[in-house]
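Report on the structure given below.
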Amino acid sequence: MSGSFPEKSNPLIGSLRKAVYPGTFDPITNGHLDIIRRAIMIFDRVIIGVAEDSYKKTLFTLQERVDLASASVRQWPQVEVKPFSGLLVDFARKEGAVAIIRGLRAVSDFEYEFQMYVMNKKLAEDLETVFLMTATEYSFVSSSIIRQVASLGGCVRGLVPEEVEKALLKKYGFTK
């Protein structure tokens, strides 16, 4: 049949569909939670992969980031939080994921995310990448800007979960 797709098994059909949403989550923001909320409408299980190897200097330890992310997603039983190190594709395969979730805030995120997509596809042809746009109200929110504002005593309420706000205030020596 002309124009048809080649016969191939589809990992998204007929099984529990798991996706991995990777990041440093230093800290997790309401923008991240928006992506997670929408990802669980597409996938049966979403695993938040908190990266140990990030090549970034993190404010929170790996365990603190895992704990804050876990506290932030406790309302969703289909979401798990797990630390990982090494290649994302190896972690995704170990978890039985069929897809990697990536959030995009703006067009400026696309070039980097596209490079990561191409490399991940080269390393693991069977894994799909699903890009989700962050809701408009969180399009300016990044973990780094949250850390910067909090370090100067600025209010981040409404941009991060309450547990994260408290942890930031404590980390930077401010009291609520």
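Coordinate-derived values only; no laboratory data. Remember, it's a predicted structure, so these values are computed and weren't measured experimentally. Reconstructed Cβ throughout: ideal geometry from the backbone, glycine too, with neighbour counts over all protein chains shown.
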Next item on the list: Please list the non-local residues whose amide H lies under 5 Å from the amide H of V81, H modeled 1.01 Å from N, same-chain partners needing a gap of 5 or more.
Entry: I48
Notebook entry, point to check: In the calculated pair distance distribution of the chain, what percentage of Cα-Cα distances lie above 27 Å?
Noted result: 27
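Could you give me D for region 36-119, from Stokes-Einstein at 4 °C and 1.567 mPa s, where the hydrodynamic radius is the Kirkwood radius over C-alpha pairs? Units µm² s⁻¹, please. Kindly include the intermediate steps, with their values, before the conclusion.
On the way: Rh = 14.1 Å.
It comes out at roughly 92 µm²/s.
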Next item on the list: Search the structure for amide H atoms under 5 Å from the amide H of V130, placed 1.01 Å from N in the peptide plane, and list their residues when 5 or more places away or on another chain.
Entry: I100, I101, R102
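Hand me the chymotrypsin sites (Phe, Trp or Tyr not before Pro) from region 126-164 located in a DSSP loop with no more than 12 other Cβ atoms within 10 Å, in residue order please. All intermediate terms of the calculation are to be shown ahead of the outcome.
On the way: sites: F131, Y138, F140; in loops: F140.
The qualifying sites are F140.
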